[in-house]
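Below you'll find the structure, written out as structure tokens, and then a few comments.
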Amino acid sequence: MRGLFLLTAVLFLFTVNSNPVKAFDPDEVLDDPALETRAREISKEVRCLVCQNEPIDSSNADLAKELRIVVRERLVAGDSDEDVKSYLSARYGDFVLFRPPFNTATFLLWFGPLLVLGVGGIGMFFFYRGNKKLKVANPLSPEEEARLNLLLDKDNKTKGSDSGEAS
Amino acid sequence: MIAELGQFAIIMALLAAIAQSILPLIGAERLDSRLMAFGSQASLIQLLFVFLAFGCLTQAYIVSDFTLVNVAENSHSTKPLLYKISGVWGNHEGSMLLWILILAVFGAAVAAFGRNLPVTLKARVLAVQAMIGVGFLTFLIFTSNPFTRLLVPPENGRDLNPLLQDPGLAFHPPMLYVGYVGFSVAFSFAIAALIEGKVDAAWARWVRPWTLTAWTFLTGGIALGSWWAYYELGWGGWWFWDPVENVSFMPWLMGTALLHSAIVVEKRNSLKVWTILLAILTFSLSLIGTFIVRSGLLTSVHSFAVNPERGIFILFLLAIAIGGSLALFAFRAPSLKAGGIFSPISREGGLLLNNLLLSTACATVFLGTLYPLFMEALGGGRVSIGPPFYNNTFVPVMVPLLLLVCVGPLLPWKRADLVGVLGRLKYAGLATILAILLAWYVTEGGPFLAILGLGMAAWMLLGTLSEWADKIKLFRAPLATSWQRMIKLPGSAWGMTLAHGGLAIAVAGMISTSVWKVEDVAVLKPGETISVAGTDYRFDGVRELAGPNYQAVEGTFTVSQNGEFMTILKPQKRLYNVQKMPTTEAAIHSTFVGDYYAVIGDQVEDGGWTVRIYREPMVTWIWFGCTLMVLAGFLSLADRRLRVGAPAGKRKQGKREQKSQRNAAA
């Protein structure tokens, strides 16, 4: 349970922003600081369509300014954050949002990293199992075992003392 | 005339590269020492000609020879000399030539420093290195020739993009390219080893210094790029998950994995097949990075079609290089013998886990960068992938990796006792809890998760320091003994401590500035004051000034805290004469705890000026940490050179051998 909590904690680590801040252009700023903060958060996830990979929050383009005002108008009209985003994506397509939607076309995108981790993890599992088999396949005689342990201990000690060398 | 000389030189370099990619291979097959030795000679000849070509292009830029298309399109006679020179690589053709130059330098360096390499391995490495050269030189000559003349030269040039006229960006591309191209050596070694069918500890010892060189420069290049973005773009941001940044980050992640897995090959003769694969993948990502930025593919699949000739050529080259090497890998890797075995909880196991997490992180960035292209190409519509995606995928993968950074180095080889190792970190753990409490107090109970994040950074740093203290027996032996042990620590041990410590510091900076950044924007008239995060910025007015090739408006801010004068900030807004492009020059006052950052914008109707003020807590820690990492790379390299037995220090090497013989005897 605590692990799960930590994971969720981590997921949101970089999305928190504690400070209410003002908009790009002073004349756009909403009077209600709570609404303004929400507007800023949304603006950071909305793409300026005529720019190269820039959110409307930091773009100088006229279109970005228009979109910033649209976002604020929708918020003042009482829309939720999700409403504003779906309003924008309905008009401009998914391209306008920096958070890609979750659907069949983007399934591989969202789950790709997990897939790589899973395949890598399974590969590691079989690697270690193969290692074990290798060990079992060539058992040592008790004398060999004793000698090996002696050597290993010695080796570990010398290795331990200069252990940092390798890294 | 000089341009024709350059043209001639790149053709000669291509011929040398073609010969170098064939003859040494035949020589290695037939054990013909003369053919094998030709590889070294050819690599020097190739370097000579590429250097000549590069010199010719640089000369054309310095004297502003606008009869060359390349110079006319990217330079201007009024540009300061530094930017005339950096303009050479500030465009597609020139940057390709720089790439080839660095490739040739690395090839010649292998020839010169690899005197004690087995002759067949060396011949094959140089041949593979030359094949890469052939690909790039052909691309340069047939699709991106920098020496093309103009029939009617213009009176003056079109100038370099003003954003690039900056000292930070003058040196960013060369450093980045040394990083990208440096991985070509690891790649060539990997391919040569596959051809030879032999990978051993010695192979890893030759590969590691080259990988480390590349990694060090790539780290520096990326850090320089993000620093530039921070002070030049005027948004106070330092990383945007922009595709252009991502493509340099991917080889870094993979190269970091390679650097760690090569240790296992070197020390334990294990993970050989995996390390070969990593070497291939790292350089493949470097290739993809170079080409994707250069082809214009990133903006959209459609801009790819603007220059189909280049695009097709690029795809073709990528297919041969990556497809070919992976096919060779699939064909030959099974014949490589497995090495030493180890349990999951061991130094090797830790390094393998590091590799798994780094590869996953790299896959995440890869998907985020290229998925929109694939989707668009397959007719699936357009999507944008930005920070929200990476926060939810990349960050969770990195957190366990970062938490384990200081645990791995404590694990002994083969098998380890995890409880015992964690026991050795108990003081670091206790100090981490104190650090978390301190962060809690200082930030007045700021966001819980951010404070945990800072705790993670503290854990990394303290754990790394405690490992170092362990190694020199600090406080457990007389101080004189500890001192003796400390000065005897090998460079690579220092390298590890510094690199991991630097990473911790950089992570602390990243978290702080992401979470506690404060920004404000206002319209101010001269004499008015704005207060941001407890600091007062009094706007004293503006003045106009003229630079060598731009006009500027400079604002003055008097910064004070609690009525006490702190500093004066003078941000500029420039308009470059030729391209009529405005740029912002932020004014930054850096301190240990944070930066005070001011930007001046446009004048509004009532005579006031739009100003933006940022307070960036601990932001310089990011680049300080990166600097430590770069330093760590060089320290470790200084040590490696002796071990690998490169030319310098014959006497010392002899001593070392004696020592190792003594050790063996004991």
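The values are calculated or read from the model by the stated rules, or taken from the named source; none is laboratory data. The model shown is predicted, which means the values in this text are computed figures rather than measured ones. With ideal geometry, Cβ positions are generated from the backbone for all residues, glycine too; neighbour counts draw on all protein chains shown.
To keep it simple, each residue is scored yes or no on (1) crowded, with 21+ Cβ neighbours inside 10 Å; (2) of a type outside the set (S, T, N, Q).
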{"residue": "B:Leu373", "(1), (2)": "no, yes"}
{"residue": "B:Gly380", "(1), (2)": "no, yes"}
{"residue": "B:Val383", "(1), (2)": "yes, yes"}
{"residue": "B:Asn391", "(1), (2)": "no, no"}
{"residue": "B:Leu402", "(1), (2)": "no, yes"}
{"residue": "B:Leu410", "(1), (2)": "yes, yes"}
{"residue": "B:Leu437", "(1), (2)": "no, yes"}
{"residue": "B:Leu449", "(1), (2)": "no, yes"}
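Residue by residue through the stretch B:420-479, note down the ones that are free of Cβ contacts under 8 Å to residues at least 24 places away in the same chain and either in contact with a Lys or Arg (Cβ under 8 Å, 6 or more places away or on another chain) or not in a helix (DSSP H, G or I) (or both).
Across the stretch B:420-479, the qualifying residues are B:Glu444, B:Gly445, B:Lys471, B:Ile472, B:Lys473, B:Leu474, B:Phe475, B:Arg476, B:Ala477, B:Pro478.
Yes/no per residue for (1) farther than 25 Å from A:Glu41 by Cα; (2) at the interface with chain A (Cβ under 9 Å from one of its Cβ atoms):
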| residue | (1), (2) |
| --- | --- |
| B:Ile341 | yes, yes |
| B:Gly368 | no, yes |
| B:Pro396 | no, yes |
| B:Leu402 | yes, no |
| B:Val421 | yes, no |
| B:Ala428 | yes, no |
| B:Ala435 | yes, no |
| B:Ala457 | yes, no |
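Pairs please, first residue from the stretch B:41-60 and among the β-branched types (Val, Ile, Thr), second anywhere and buried (at least 23 other Cβ atoms within 10 Å of the Cβ), Cβ atoms under 6 Å, 6+ apart in sequence or on different chains.
Taking only residues 6 or more apart or on different chains, the pairs are B:Ile45/B:Ala16; B:Val50/B:Ala13; B:Val50/B:Ile100; B:Val50/B:Ala104; B:Thr58/B:Val88.
I'd like the full set of residues that are over 21 Å from the mean Cα position of the chain (by Cα), on the phi < 0 side of the Ramachandran plot and free of Cβ contacts under 8 Å to residues at least 24 places away in the same chain, limited to the stretch B:355-381.
Of everything in the stretch B:355-381, those that are over 21 Å from the mean Cα position of the chain (by Cα), on the phi < 0 side of the Ramachandran plot and free of Cβ contacts under 8 Å to residues at least 24 places away in the same chain turn out to be B:Tyr371, B:Pro372, B:Phe374, B:Met375, B:Leu378, B:Gly380.
Residue under question is B:Ala363, and the condition is that it be crowded, with 17+ Cβ neighbours inside 10 Å and among the small types (Gly, Ala, Ser); does it hold?
yes
Has the stretch A:70-90 got any residue that is surrounded by fewer than 20 Cβ atoms within 10 Å (Cβ to Cβ) and closer than 29 Å to B:Met254 by Cα?
no
Where residues in the stretch B:508-544 are away from chain A (no Cβ under 14 Å) and small (Gly, Ala, Ser), which of them is nearest to B:Glu564 (Cα to Cα)?
So, considering only residues that are away from chain A (no Cβ under 14 Å) and small (Gly, Ala, Ser), the one nearest to B:Glu564 (Cα to Cα) is B:Gly527.
Could you list, in sequence order, all residues of the stretch B:343-352 that are more than 9 Å from chain A (Cβ to nearest Cβ) and either more than 18 Å from B:Leu258 (Cβ to Cβ) or small (Gly, Ala, Ser) (or both)?
Matches in the stretch B:343-352: B:Ile345, B:Ser346, B:Gly350.
Out of (1) under 26 Å from A:Tyr128 (Cα atoms); (2) at pLDDT below 85, what's the single condition that is false for B:Ile314?
Going through (1) under 26 Å from A:Tyr128 (Cα atoms); (2) at pLDDT below 85 one by one, B:Ile314 breaks only (1).
Please indicate, with yes or no, whether at least one residue in the stretch B:48-55 is farther than 15 Å from B:Leu137 by Cα and either of a type outside the set (Val, Ile, Thr) or surrounded by fewer than 16 Cβ atoms within 10 Å (Cβ to Cβ) (or both).
yes
Within the stretch B:267-278, can you find the residues that are within 13 Å of B:Val199 (Cα to Cα) and either among the small types (Gly, Ala, Ser) or under 24 Å from the mean Cα position of the chain (by Cα) (or both)?
B:Ser270, B:Trp274, B:Thr275, B:Ile276, B:Leu277
Can you tell me which residue in the stretch B:225-249 is surrounded by the fewest Cβ atoms within 10 Å (Cβ to Cβ), limited to those that are within 13 Å of chain A (Cβ to nearest Cβ) and among the charged types (D, E, K, R)?
By that ranking, first place goes to B:Asp242.
Taking the condition of a type in the set (Lys, Arg) and out of contact with any strand residue (DSSP E or B) (no Cβ under 6 Å at 6 or more places or on another chain), does B:Lys570 pass?
Judged against the criteria, B:Lys570 is not a match.
Checking the structure you have, find out if any residue of the stretch B:414-433 is over 30 Å from B:Leu367 (Cβ atoms), hydroxyl-bearing (Ser, Thr, Tyr) and surrounded by 19 or more Cβ atoms within 10 Å (Cβ to Cβ).
Yes, the stretch B:414-433 contains a residue that is over 30 Å from B:Leu367 (Cβ atoms), hydroxyl-bearing (Ser, Thr, Tyr) and surrounded by 19 or more Cβ atoms within 10 Å (Cβ to Cβ).
Can you tell me which of (1) within 30 Å of B:Lys471 (Cα to Cα); (2) touching a Phe, Trp or Tyr at 6+ places or on another chain (Cβ under 7 Å); (3) of a type in the set (D, E, K, R); (4) surrounded by fewer than 22 Cβ atoms within 10 Å (Cβ to Cβ) is the one B:Glu348 doesn't meet?
It is condition (4) that B:Glu348 fails.
Can you confirm whether B:Ser325 is among the hydroxyl-bearing types (Ser, Thr, Tyr) and modelled with pLDDT of 70 or more?
yes
Within 8 Å of chain A (Cβ to nearest Cβ), in contact (Cβ under 8 Å) with a residue 60 or more places away in the chain and within 23 Å of the chain's Cα centre (by Cα), is that true of B:Pro409?
No: the conditions fail for B:Pro409.
Scanning the stretch B:376-388 for residues that are touching a helix residue (DSSP H, G or I) at 6+ places or on another chain (Cβ under 6 Å) and at the interface with chain A (Cβ under 7 Å from one of its Cβ atoms), which turns out farthest from A:Glu41 (Cα to Cα)?
Applying the filter and picking the extreme gives B:Gly380.
Do the conditions hold for B:Arg332, that is, is it away from every other protein chain (no Cβ under 14 Å), in contact with a Leu (Cβ under 7 Å, 6 or more places away or on another chain) and not hydrophobic (A, V, I, L, M, F, W, C)?
yes
For B:Met496, work out the one condition from (1) touching a Leu at 6+ places or on another chain (Cβ under 9 Å); (2) aliphatic (A, V, I, L, M); (3) within 12 Å of chain A (Cβ to nearest Cβ) it doesn't fulfil.
(1)
Does the stretch B:583-600 hold any residues that are charged (D, E, K, R) and modelled with pLDDT under 90, and which are they?
If the condition is that a residue be charged (D, E, K, R) and modelled with pLDDT under 90, then B:Glu585 is the only one that fits.
Looking at this structure, is B:Ile141 crowded, with 24+ Cβ neighbours inside 10 Å, among the β-branched types (Val, Ile, Thr) and in a helix (DSSP H, G or I)?
Considered against the rule, which asks whether it is crowded, with 24+ Cβ neighbours inside 10 Å, among the β-branched types (Val, Ile, Thr) and in a helix (DSSP H, G or I), B:Ile141 comes out as no.
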